[in-house]
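Structure first, commentary second.
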Amino acid sequence: MEVLLISLPSRKEKEYKSNVAYPLGLGYLYTYLESRGVAVGILDLQTEAFSITDVSRLVAKEKPVLVGISFLTHNRFNAFQLAQKIKLVTPEVHIVFGGCHATNAPIDTIANTAADSIVCGEGEVTLYELYTELAEGTGNLRRVQGIVYRDGKDIIINPERPLIKNLDSLGFPHRKSFRMEAYSLKMPEAILKRQRYKSDNCAYIITSRGCPFKCSFCSTSLIWKNKVRFHSAKHIVDEIEILLKMGYNGIFIYDDFFTFDRRHVLSFCNEMKLRGLKIPLFCWGRVDSVTYDTFEKLKEVGLVGISIGIESGSQKILDYFQKNQTPEIVLKAVKVLKDLDIVGKGSFIGGSPPETLLDTYRTIRIIERIYKIQPEFIAGSGYTIGLQIHPGTKICDELFKSNYFPKDFSWTKKYKEVYERLGVPVYSSPSTKIIKFTYKIMRIVIEIRNGIRKKGFLGFFENSINRILKQPKEYYAKRFKKSR
Ligand code: B12
Ligand code: SF4
């Protein structure tokens with residue numbers, strides 16, 4: 001093995017169990033290296049019961065040229081710990097970090113962890129060049145575009161690497177060496193319940209890279225430099241056909257913004273039709289792209305649901321998030337989804353710095369209005385309360401300037417005062433706490449009201465009682481423990 005690629009579990013595995021996901025980025029890196037004759041090993045610690053010691057032993061035995069570790073902000077401490085242990089046992093191995101967190105906080109990361117280098121942004125070509133330079137070259141990393149590395153006591157920032165022009169040239173992400181059954185996705189309950197489609201074993205793909213928007217809480221624009229590139233329709237549907245042959249019965253299209261370009265969507269739909277394919281599809285998109293004619297075509301090839309970022313019902317908060325959208329556009333999109341019988345799932349961010357109770361009320365109101373249009377709408381991500389702060393985002397920079405973070409802040413250290421959940425700093429102020437409480441209460445009220453609206457008074461209570469009776473004992477034991 002010349003290169004070992006590692007993906008990490010979340011900090012608190014149990015809390016994130018539902019998020020165990022196929023590490024697509026590593027899949028692409030694997031394909032790229034393997035097609036150039038590099039012997040690649042893969043270790044997904046989300047699905048393999050390897051301890052840090054097991055991994056460091058494996059590295060000591062295999063002695064790869066480099067070990068690549070992929071992680072996000074919430075699980076970064078796992079990466080730092082693992083790199084430290086590997087270095088302790090096998091100091092000569094080159095450790096490279098990649099992925100969203102390292103890309104957006106490269107200097108802080110390289111300066112304070114055991115990593116030797118960081119691949120910023122798109123990884124395929126950069127990782128291959130880094131590998132060849134280390135394995136066959138002079139070891140002079142100056143020539144490798146797109147990395148930040150340590151040279152003795154110095155930190156060297158190389159020029160950025162241009163983005164790959166032809167995404168299809170990357171091939172399909174490698175899946176064979178992963179335990180794919182562990183990543184199987186299910187369509188949301190609201191879709192499964194309709195029982196029109198069998199879609200309990202879905203895979204995920206991406207058909208494009210990048211998003212043209214710059215929402216102030218989102219780190220995507222920094223990885224993909226705000227440019228959108230697409231796979232061809234032929235390539236996408238070829239991948240879908242491979243996945244269907246592997247036994248999947250539905251597809252999640254997890255592009256940042258799948259429906260951004262109408263031409264891209266229509267050529268995908270045409271290709272699906274040409275091949276006589278109609279399978280349950282779920283995608284992510286923005287409300288402003290939800291138009292009847294485009295979504296009618298998507299519906300024809302199987303679209304059953306879409307996740308949309310609603311974030312807030314208050315224009316002031318939407319502007320703060322730089323969403324470029326209005327509550328009216330949201331309602332218009334929900335109406336289109338309702339007319340086409342496509343289930344909408346919305347995500348919300350509550351408790352951001354400028355949010356007042358009036359803004360909270362406006363969000364609650366929009367959720368109610370959405371439910372009136374589409375009762376099966378999913379107010380997804382449980383109204384994500386508390387704004388998670390990721391490095392490199394506009395909100396993060398502003399909070400730094402306003403001294404929200406401790407003076408000596410480094411993403412490599414733990415600070416009790418700024419972490420509320422899962423090691424990601426969450427914006428928190430006294431008003432956030434009141435807002436949180438309001439959301440909780442209102443959410444219960446809305447759920448009861450919506451339940452009654454859907455099933456009638458008696459139907460709703462019968463349903464709730466059934467649910468309570470069917471819950472296993474452990475569920476109540478856990479809830480009881482939590483509330484104590
Ligand atoms: C699909 C997706 C999901 C899926 C699947 C996640 C997965 N494990 O792949 C689901 C829905 C499960 C999910 C969940 C979450 N996600 Co998510 N997700 C995405 C999304 C839209 C696409 C990821 C993807 O497949 N990209 C395509 C591949 C090709 O890119 P890539 O993985 O980044 O890899 C490339 C490079 O980064 C680099 N690279 C990556 N790793 C490495 C390693 C080495 C060694 C090297 C050299 C290079 C390298 O090379 C790769 C190929 O070019 C991204 C946004 C985005 N567009 O990237 C957000 C994103 C990664 N998610 C994000 C977040 C916050 C989360 C959650 C924490 C959300 C939450 N609060 O619950 C969870 C955590 C899940 C987990 N277990 O880790 C944030 C991360 C921000 C941050 N700084 O950490 C992002 C950037 C979105 C955002 N709006 O900011 N997510
Ligand atoms: S939140 Fe969505 S629309 Fe906004 S920048 Fe991120 S991916 Fe793009």
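Coordinate-derived values only; no laboratory data. What you are looking at is a predicted structure, and each value in this text was computed from that prediction instead of being measured. Here the Cβ positions follow ideal geometry from the backbone for every residue, glycine too, while neighbour counts run over all protein chains shown.
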With everything on Cα atoms, drop me the angle between helix 473-483 and the longest principal axis of the chain, reported from 0 to 90° to the nearest 10. 80 degrees
Sequence of L192, L134, L357 once ranked by neighbouring C-beta atoms within 10 Å, starting from the fewest: L357, L192, L134
Rounded to 5, percent antiparallel among DSSP beta bridges of the chain: 25 percent
Among the aspartates and glutamates, which fall within straight-line cross-link reach of K372, defined as a Cα-Cα distance under 16 Å, with same-chain neighbours fewer than 8 residues apart omitted? E328, D339, D341, E447
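What is the order of K153, K440, K345, fewest Cβ neighbours within 10 Å to most?
K153, K440, K345
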Given 0.36 nm per residue, what is the gain on full extension from L244 to T53 after removing their alpha carbon distance, in nm? 65.0 nm
The stretch 3-157: relative contact order in percent, alpha carbon pairs under 8 Å with at least 6 residues between: 22 percent
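Can you tell me the length gained on complete extension of the stretch A21 to A39, counting 0.36 nm per residue apart and subtracting the Cα distance?
Result: 4.1 nm gained on full extension.
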For labels at I156 and R275 in the simple 7 Å Cα→Cβ model, what's the distance in nm? 4.4 nm
Which cysteines does the chain leave without a neighbouring Cys Cβ under 4.7 Å? C100, C120, C202, C211, C269, C283, C396
By how many degrees, between 0 and 90 and to the nearest 10, does the Cα long axis of helix 52-62 differ from the longest principal axis of the chain? 40 degrees
Would you calculate the separation in nanometres between label points at Q145 and S184, each defined as 7 Å from the Cα along the Cα-to-beta-carbon direction? 4.3 nm
As an exercise, identify the GluC sites (Glu not before Pro) in the stretch 136-186 lying in DSSP coil whose Cβ has no more than 16 other Cβ atoms within 10 Å. E136, E160
